[in-house]
1. Could you give the angle, 0 to 90 degrees to the nearest 10, between helix 3-23's Cα long axis and the longest principal axis of the Cα atoms of the chain?
2. What order, most packed first, do the peptides 28-35, 47-54, 85-92 have when packing is the mean number of other Cβ atoms within 10 Å of each residue?
3. Quick check for me: using +1 on Lys/Arg Cβ and -1 on Asp/Glu Cβ, what's the dipole size of the range 3-95 about its Cα centre, in debye to the nearest 20?
4. Output the 0 to 90 degree angle, nearest 10, between the alpha-carbon long axis of helix 85-97 and the longest principal axis computed from the alpha carbons of the chain.
5. Quick check: convex hull over the Cα atoms of the chain, volume per residue in Å³, rounded to an integer?
6. Tell me, in nm to one decimal, what length is gained between D23 and A106 on full extension, where the rule is 0.36 nm per residue of separation less the Cα-Cα distance?
7. Starting from the Cα-Cα distance between E5 and D73, subtract it from 0.36 nm times their residue separation and give me the gain in nm to one decimal.
Amino acid sequence: MTEGEFLAQSDAVFAHIESCLDDLDVDIDPLRAGNVLELEFTDGSKVIVNRHTPNQEIWLAARNGGFHYRWQDGQWQSTRGEGEFFADLSSALSLHAGEPVSIPLA
């Protein structure tokens, strides 16, 4: 994938997350600044999604850890074992929100 393709694809991921959060009845405040999407909760905690262009990866940081994902076989797959980005993001959001939050595959 070229750098331009990665940037377009990761921008689409950020936009998908923001759109899904707008459609859900949860109090999560998204704030995008450049390569970083902060998802802030009422208790002040945050889930951070950012893109790491040199490695063409999307990174996720939350209470339950930090994770890296690379585009493989049509999905953002974990670089450190099993896991898919949107499933792991949904788990992290649910943990922080204290209620089920689901962000479907884009």
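1. 20 degrees
2. 85-92, 47-54, 28-35
3. Values: 6 positive and 17 negative charges, 84 e Å.
Here the range 3-95 has a charge dipole of around 400 debye.
4. Once rounded, the angle reads 20 degrees.
5. On the way: hull volume 9.9 nm³, N = 106.
Enclosed volume per residue, from the Cα hull, is 93 Å³.
6. On the way: separation 83, 0.36 × 83 = 29.88 nm, distance 1.43 nm.
Value of the extension gain: 28.5 nm.
7. Values: separation 68, 0.36 × 68 = 24.48 nm, distance 1.55 nm.
Length difference between fully extended and current span is 22.9 nm.
Read the figures in this text as sums done on the coordinates, not as results from a lab. Everything numeric in this text was worked out from a predicted model, so none of it was measured. Glycine gets a Cβ as well: all are built from the backbone with ideal geometry, and neighbour counts include every protein chain shown.
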